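Nothing in this text is a laboratory measurement; each read-out follows from the coordinates by a stated rule. Everything quoted here is computed from the prediction, not taken from an experiment. Quick reminder, even Gly has a Cβ in these numbers, built from the backbone with ideal geometry, and neighbours come from all protein chains shown.
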Amino acid sequence: MEPSNNRFENQQPYQMPDPQVTIPVVEEQVQIGKDVVETGRIRVSKTVHEEQQVVDVPIIQEEVNVERVAINQYVATPPAVRYEGDTMIMPILREVLVVEKRLLLVEEVRITKHQTETRTPQQVTLRKEEIHLQRVAPNPSSSSEPTT
């Protein structure tokens, strides 16, 4: 007799379980709680130090010189404002009534700016803060309660 290639030949036929069998169903539950435990304390303090310092701050001051220059010339068109270096030259016009109307350049206003810088030492107060930490032992009388 040759060996069989059928895998199911040697197996037992399936039988229905007994209908009277009771299977217990078990459920596990877990309750988790946390305890607050004081492991230490820390004390924080701050100290403010003040010191006087002299600061040298530049202060810019501008002065304007106004010079009037008499021209008294008749012109056909009004001259434009012009610059000569730092000086602004602004023409001043006046209409003069004659048989015909002409423009008379009466004067020019020359405006020159000068900047001066002066240093004025000022007394100022600067503040600096320092933080000091000191570890303190835990308080044994404090109670910890579990939290959920």
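What to note about this one:
- Counted charge near Gln115, where neighbours are those whose Cβ lies closer than 15 Å (Asp, Glu -1; Lys, Arg +1): -2
- Label zone at Thr125, where the point sits 7 Å out along the Cα-to-Cβ direction: the stretch 21-49 residues whose backbone N lies under 14 Å: 48-49
- The H on the amide N of Arg102, modeled in the peptide plane, is under 5 Å from the matching H of Val96, each at least 5 residues off or on a different chain.
- Segment Thr47-Asn139, length gained on full extension (0.36 nm per residue, minus Cα span): 30.5 nm
- For the stretch 95-100, Karplus couplings with θ = phi - 60° (6.51, -1.76, 1.60), whole Hz, Gly/Pro x: 7, 10, 8, 9, 4, 10
- Between Val96 and Gln73, residue separation times 0.36 nm minus the direct Cα-Cα distance comes to 7.1 nm.
- Residues whose placed amide H lies under 5 Å from that of Ile71, excluding near-sequence neighbours: Glu107, Glu108
- Binned Cα-Cα distance frequencies in the stretch 36-139 - 10 Å width, integer %: 11, 19, 13, 11, 10, 9, 8, 7, 6, 4, 1
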